[in-house]
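Asks: I'd like to ask you about the structure that follows.
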Amino acid sequence: MKAIGFFVALFFLTLSSSAQELRGFVRVAGGQELYVEHVRARAGMPTIVLLNGLTYSLESWNSFFHSLKRLAPGIGILRYDMRGMGRTLLHDPLPVNYAIPFELQVTQLKSLLDKLEIKRPDLLGLSYGGGIAIAF
């Protein structure tokens, strides 16, 4: 497993027409539901996990995601909104007035990878996501 950082069970998933893409909420350890967009890897291809910065959402990765899909057909790509971010934040009861320790983010990432049966991911983190990748 590689971690790359930059400083700068219950599934609620919608299957796309190709059945290779999943979008929706996935329940992970502790009962938290995380919003996920996952393009499954073809057999023998790696999966890259894109980890958001602290106040970002998975949409921060849109340009990179579309370029990667085009340049590396068959690669798996997992984007998700960690607890307190993006659609996951909006799915939780508001206002959010609790601390979210980074160790919890790491535990939930492990649980998510287990649920999606991703064995050896390559992690790419932006800002806070880089810290989560390193801690993982």
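The values are calculated or read from the model by the stated rules, or taken from the named source; none is laboratory data. Remember, predicted model here, so these are calculated numbers, not experimental data. Please note: Cβ atoms are built from the backbone with ideal geometry, for glycine as well, and neighbour counts cover all protein chains shown. These area figures cover heavy atoms from the full protein model, side chains too; ligands, DNA and RNA do not enter into them. Shrake-Rupley method; radii C 1.70, N 1.55, O 1.52, S 1.80 Å.
Asks: Here is a list: Gly44, Gly30. Which entry is farther than 22 Å from Gly131 by Cβ, open to solvent by 60 Å² or more (accessible area, probe 1.4 Å) and either modelled with pLDDT under 95 or of a type in the set (Val, Ile, Thr) (or both)?
Replies: Numbers: Gly30 fails: farther than 22 Å from Gly131 by Cβ.
Testing whether each residue is farther than 22 Å from Gly131 by Cβ, open to solvent by 60 Å² or more (accessible area, probe 1.4 Å) and either modelled with pLDDT under 95 or of a type in the set (Val, Ile, Thr) (or both) leaves just Gly44.
Asks: Got at least one residue in region 55-66 being aliphatic (A, V, I, L, M) and open to solvent by 10 Å² or more (accessible area, probe 1.4 Å)?
Replies: Initially, region 55-66 is screened for residues aliphatic (A, V, I, L, M), giving 58.
Remaining after also requiring open to solvent by 10 Å² or more (accessible area, probe 1.4 Å): none.
Checked against the condition, which is being aliphatic (A, V, I, L, M) and open to solvent by 10 Å² or more (accessible area, probe 1.4 Å), region 55-66 yields no hits at all.
Asks: List the number of the failed condition for Glu117; all other conditions in (1) charged (D, E, K, R); (2) on the phi > 0 side of the Ramachandran plot; (3) under 12 Å from the mean Cα position of the chain (by Cα) hold.
Replies: The single condition Glu117 does not satisfy is (3).
Asks: I would also like to ask the following. Looking for whichever is modelled with pLDDT under 95 and closer than 19 Å to Gly30 by Cβ here; the options are Asp92, Asp81, Asp114. Which one fits? Steps first, please.
Replies: Working: Asp81 fails: modelled with pLDDT under 95; Asp114 fails: modelled with pLDDT under 95.
None of the other options fit; the residue is Asp92.
Asks: Taking region 19-45, which residues are part of a loop (DSSP other than H, G, I, E, B) and not hydrophobic (A, V, I, L, M, F, W, C)?
Replies: Filtering region 19-45 down to residues part of a loop (DSSP other than H, G, I, E, B) leaves 19-20, 28, 32, 40-45.
Hits for region 19-45 are Gln20, Gln32, Arg40, Arg42, Gly44.
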